[in-house]
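Every number here is computed from the coordinates shown, using simple stated rules; none is lab data. Because the structure is predicted, anything quoted here is derived from the model rather than measured. Positions of Cβ are backbone-derived with ideal geometry, glycine not excepted, and every protein chain shown enters the neighbour counts.
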Amino acid sequence: MASVQEKFTEMTWPSSPEKATLEAKNKFLGFWFFLGGETVLFGSLFATYLALKDKVPDSSHPLAKDLYSMDLTFAATMLLLTSSLTSVYAMYHMKNFNFQRMQAWLLITVLLGAAFLGLEIYEFNHYVHEGHKFTSSAFGSAFYSLVGFHGGHVAFGLLWILSLMVRNAKRGLDLYNAPKFYVASLYWHFIDVVWVFIFTVVYLMGMVG
Amino acid sequence: MSTYAHKKGFGATIWDYLTTVDHKKIGILYLMAGGFFFLVGGLEALFIRVQLAVPNNDFVSAGLYNEILTMHGTTMIFLAAMPLIFAFMNAAVPLQIGARDVAFPFLNSLGFWLFFFGGVFLNCSWFLGGAPDAGWTSYASLTMEAHTHGVDFYILGLQISGIGTLIGGINFLVTIVNMRAPGMTYMRMPLFTWSSFVTSALILFAFPALTVGLFLLMFDRLFGANFFDVAAGGNTIIWEHLFWIFGHPEVYILILPAFGIFSEIFATFSRKRLFGYSSMVFATVLIGFLGFMVWAHHMFTVGMGPIANAIFAVATMAIAVPTGIKIFNWLFTMWGGNIKFTTPMLYAVAFIPSFVAGGVTGIMNAVAAADYQYHDSYFVVAHFHYVIVGGVVLALLAGTHYYWPKMFGTLLNETLGKITFWLFLIGFHLTFFIQHFLGLMGMPRRVFTYLPNQGWETGNLISSIGAFFMGIAVIILLINVVMTQVKNVRVGNDPWGDGRSLEWAIPSPPPFYNFKQLPLVRGLDPFWIEKMEGKTEMTPAEPLGDIHMPNPSFLPVTISFGLFVAAFGALYHVDGKDWALPVLFVGMGITLISMLLRSVKDDHGFHIHKEDFENEDKGGRA
Amino acid sequence: MRKRLHKWRLISIFAILALALSGCGEPFLSTLTPAGEVAKKQYDLMILSTVIMVLVIIVVTVIFIYVIARFRRTKKNENSIPRQVEGNHKLEIIWTVIPILLLLVLAVPTVSYTFQLADVSPMKQKDKDGKTKDALVVNVRANLYWWEFEYPDLGIITSQDLFVPTDKKVYFNVKSSDVKHSFWIPAVGGKTDTNPEGENQFWLEFDSKGSEKVQNQFYGKCAELCGPSHAYMDFKVQTLSQDDFNQWTQDMKNLKKPAAVGDLAKEGEEIYNKSCIGCHANTANDARPEKARTAPNLANFGDRTRIAGILEHNEENLRKWLQDPEKVKPGNLMTGKYQKLDDHELDALTAYLMGLKLEQ
């Protein structure tokens, strides 16, 4: 098994650097398990949202069909889906020991993610002005908890990828940080998948009524 | 080589334990902390029984009683039983699979400290305006009514310790998948390792539901959300579902390792291979799986309708089948064996009738239409104490005696151990058997007192007397522990003489790297196989070489402490206290900076070199 | 071994002694003395499941005792190594299949009874005026430490004491107006939760024979932890024959403004009108909406069997309750809602309240 501190060249770089050491293998597997737990977490939030959808104290409060707009959420969805794709490119370059390109694609991923967050903040702000607040109804609490938890995950993912990029900017790739980049990108994909469900369950089903 | 291992002195030892990432020491930490909370929870139990000994008693007030009963349940489940199980998982699992440590030593330590600070936070409530008082289930409508901070302590304390448990679960899953010694296939793993594996999986999939439930409660109570506010469209039944989606698997999280410990003990002291090993593994996995399908049997009276009730009733009954398989396998492990009645074995033997009694009342509870009578009565109290005390606690006591030599290198006194056992067993049945009948006679649970002339006086008095037997038993156990450690008579690798799995092939306690050379596993019960061929050690699977070990770290303590501090800020923020928000930020700051330090500072661990072993062989442990 | 047996014997003696002393519990409160169709069905299920479970226990116990007696390590066989048996497929199949069969035997009545006990279809059949056609319906509303019973088709409201006819299915709508409680009359049938959201429906039948044995009074309990006085959230069920019940409903309906008799009681009436009437009503046809009915209806207070659900019904206890409710029922919502009463005022109010009776 390769050592974590060894210096590599493009030729000696292993084909699966994310699983090349025992520590890396553990990290890889542990992270998959963690995502399993996250799935239950979001599952519970989805269930709560579905149970409380459109549950408001009186008719003065807006319902799902009054709120959601296709343009905005579609744009957000496209941004996040694209960022998932760009993180795949980054991992492709990581596996090929091309550090500069990996960093570049990660940067694009981060920018797309930040744009998504920006849209989400704009969206929330818009809803609050329409009277759909976290504290105004059970529906509001459930909506902001589910979508907000996801947004929080996006924000955390951005910080995580950014700090990995900064921390490793000077020293390049090795078997110590390759698995870190890899699980960060796994996390990013997971966030993306959760968003697909939010887009379907919250927005599409919400617009239908 | 690490320098800390050579230091002596009290301060150095404390520092060593604060920074350790060694699974064996973390096991000891879990044992001590869990043991402490077990005593606290036990004391609360005695208060409950004193209060209920006679009708119209005023030993404690109604409000205080509710706090005591809530803290008794919460403490025993989250702060005593769970950590004690983690104690034995830490002490035994890596050794049983032939690993030098767990997959994530740092996270292992973090898991412990999160649990610890969460537990301390929860218990701080006693001194800061009153403990939570809505029962360990903290049903949402009642928690929304609560006017003290007790429930907030419950929410935040469990949230913190719950994260620790989740981390622990992931750690053991990865450890068992990735770190098994050469030849240790899944179907050669000892049953305790198997049950730890399934339990860890249950933790992974059950705890997030609790996390979400606690978040919702927290948002409602501290940040003005409306999940459980019926007037604003909320629904309190959501909490019940989330709680029990976690809560039912939680029962199996506790009982499966107990099954595992007993499986080891039965085989060891019957001097016989575990009967039906593969069906035992199968049953363990099946119980774990079914454990997720039955949560709503705690909610038969909620009004889910006959269809849901019938489905969950039948699903619940199904769990009896794999559990029955296990009972018979244990009996037939002893059948034809050569049984030695050591203290652990006495617990194991007593476990069978006790647990069967708890199991059959479980089936009775599963009969939905009849459960309308049992539900929330003392019958249920009797049932779950038969399962948890008769199953889990007996296993923890058995495990304490069984693994003590491996954890501390000394053997607990057998005579005192047997006295503890008999007192505890008698006390247990005396306390809880009669409660079945109290429930059937119409006594609801969680009552702080009862009026005379309802036919409950005798039963309650007997029950209270029994509780004191258990109390005395625990005191004798403590005396035993102190005496044993003071005498400090060291024992060898295999103090029970009939050890079968890998942990008994290495010194007690093992060196911090566990195995100088990873052992070659040639079948189930690998050490037994070697012994039968006349060997006293395992055959190594690798040449002597450098061993890579993780560095100790203080960061787990600071990360957990930061959350502990932040929780106070979050809790008092609602009261509009000026200092609350700064405290919240300082706490989160401590945690985040510690996490950042951990991220940016590379930790490559260190190596023990071959040559050190050669020196070590000449004298002294490392 | 002898020592062990001795101790086991001790436990069983204790247990049997305890059972002999207490029998099956008090007939007005115990699930073991069923006095109605629902409780009887549930009792049958208890017996069936107990019989099956005892069967299992006997099998396990026999093997258990044989094993621990027969295969002990002795001086003689100290060093013998038993045969390392892997398992036995035949045995394993047996102890998988037999429990499945036993559970099937239990599962069938479980499912069937669960559906029977949930059958509330008669209460859904309404006539033109929105009244239930052929069923007696009672709306049960649980509140922090007291119960309200509303007969929607009869226009009657009572509190604390539930009046029902015997030998007839009574249908219940149950809900809570604050935290979750649970409505339980152990001798007559299992409990149903009263949730803050939505109503639960179920039925009970009170049989006349069982009622006779308990002088027509059953105990009811709250079975869900609801705060400090959860233990005191009792109610009583008064069972009447159908004719008596009809008479009672007639009397309740006719009960108009209660007239205070005597000076003291008249004084009490004034206090009542000043301090109590904001929450309590003194007629059975309280027309206020549910939310306004924040305290027990007192229409037939003088006929009640308990003060505050728990104390014996006499003037001394009523005074005690009025003087300091918190002392009697911690956490109740009456404490502090009215000004402090002096001795004379207590006497007056007591006299007035005790006079609130049906038969005047």
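Its convex hull of Cα atoms gives the stretch A:1-157 a direction-averaged projected area, equal to a quarter of the hull surface, of 10.9 nm². Packing, as the average of other Cβ atoms within 10 Å across residues, places the peptides B:439-451, A:125-137 in the order B:439-451, A:125-137, highest first. In chain C, Cα pairs under 8 Å separated by at least six residues give a relative contact order of 16 percent.
Residue-normalised convex hull volume from the C-alpha trace of chain B: 152 Å³ per residue. For the protein assembly as shown, the Kirkwood radius over C-alpha pairs fed into Stokes-Einstein at 4 °C and 1.567 mPa s yields D = 40 µm² per second. Note on residue B:539 and residue B:475: the extension gain reaches 18.8 nm, defined as 0.36 nm multiplied by sequence separation minus the Cα-Cα distance. Note on residue C:251 and residue C:91: the model spin-label points, each 7 Å out from Cα along the C-beta direction, lie 7.0 nm apart.
Rounded to the nearest whole angstrom, the semi-axes of the ellipsoid equivalent to the stretch C:124-254, taken from the Cα gyration tensor as √(5λ), stand at 23, 19, 13, largest first. Measuring between their Cα centroids, the stretch C:44-92 and the stretch C:150-182 lie 51 Å from each other. Under a model in which nothing but the beta-carbon of Lys, Arg (+1) and Asp, Glu (-1) is charged, the protein assembly as shown shows a dipole of about 4020 debye around its Cα centre.
Highest mean first, the peptides A:93-100, C:297-304, A:49-56 sorted by other C-beta atoms within 10 Å per residue fall in the order C:297-304, A:49-56, A:93-100. Of the GluC sites (Glu not before Pro) found in the stretch A:3-33, those that fall in a DSSP loop while having at most 12 other beta-carbon atoms within 10 Å are A:6, A:10. Counting, for every residue in A:125-137, the Cβ atoms of other protein chains within 10 Å of its Cβ and taking the mean gives 2. A convex hull fitted to the Cα coordinates of chain C yields 201 cubic angstrom per residue. Cα gyration tensor of the stretch C:263-354, axes a ≥ b ≥ c as square roots of the eigenvalues: rounded (a/c below 1.5), prolate (a/b > b/c) or oblate? Rounded. Which whole-angstrom value gives the distance between the alpha carbon centres of the stretch B:336-350 and the stretch B:101-170? Here the two parts' Cα centres lie 37 Å apart. Mean sequence separation of contacting Cα pairs (under 8 Å, at least six apart), scaled by the length of the stretch C:124-254, corresponds to a relative contact order of 25 percent. Among A:174-180, B:11-17, B:234-240, sorting by the average number of other beta carbon atoms lying within 10 angstrom of each residue, highest first, gives B:234-240, A:174-180, B:11-17. Note on B:450-457: average number of Cβ atoms from other chains within 10 Å of each residue's Cβ is 4. Shown here are the Rg and Dmax of the Cα trace of the stretch A:70-208, at 16.7, 52 Å. The ranking of C:222, C:276, C:24, B:124 by Cβ neighbour count inside 10 Å, starting from the fewest, reads C:24, B:124, C:276, C:222. For the stretch B:373-406 versus the stretch A:58-125, the inter-centroid distance based on Cα atoms is 50 Å.
Per residue of the protein assembly as shown, the DSSP helices (runs of n ≥ 4 H) give a summed -39500 (n - 2.57) that works out to -19500 deg cm²/dmol at 222 nm. Per residue of B:352-360, other chain Cβ atoms within 10 Å of the residue Cβ number 4 on average. The trypsin sites (Lys or Arg not before Pro) of the stretch C:33-99 that DSSP puts in a loop, and whose beta carbon has at most 13 other beta carbons within 10 Å, are C:75, C:76, C:83. If each Cα of the stretch B:540-603 is one equal point scatterer, what is log10 of I(q)/I(0) from the Debye formula at q = 0.13, 0.16, 0.28 Å⁻¹? At q = 0.13, 0.16, 0.28 Å⁻¹ the computed log10 ratios are -0.49, -0.61, -1.06.
Across the stretch C:254-348, Cα pairs under 8 Å and at least six residues apart give a relative contact order of 28 percent. Result for chain A in a Gaussian network model with C-alpha springs under 10 Å: among A:20, A:76, A:169, the largest mean-square fluctuation is at A:169.
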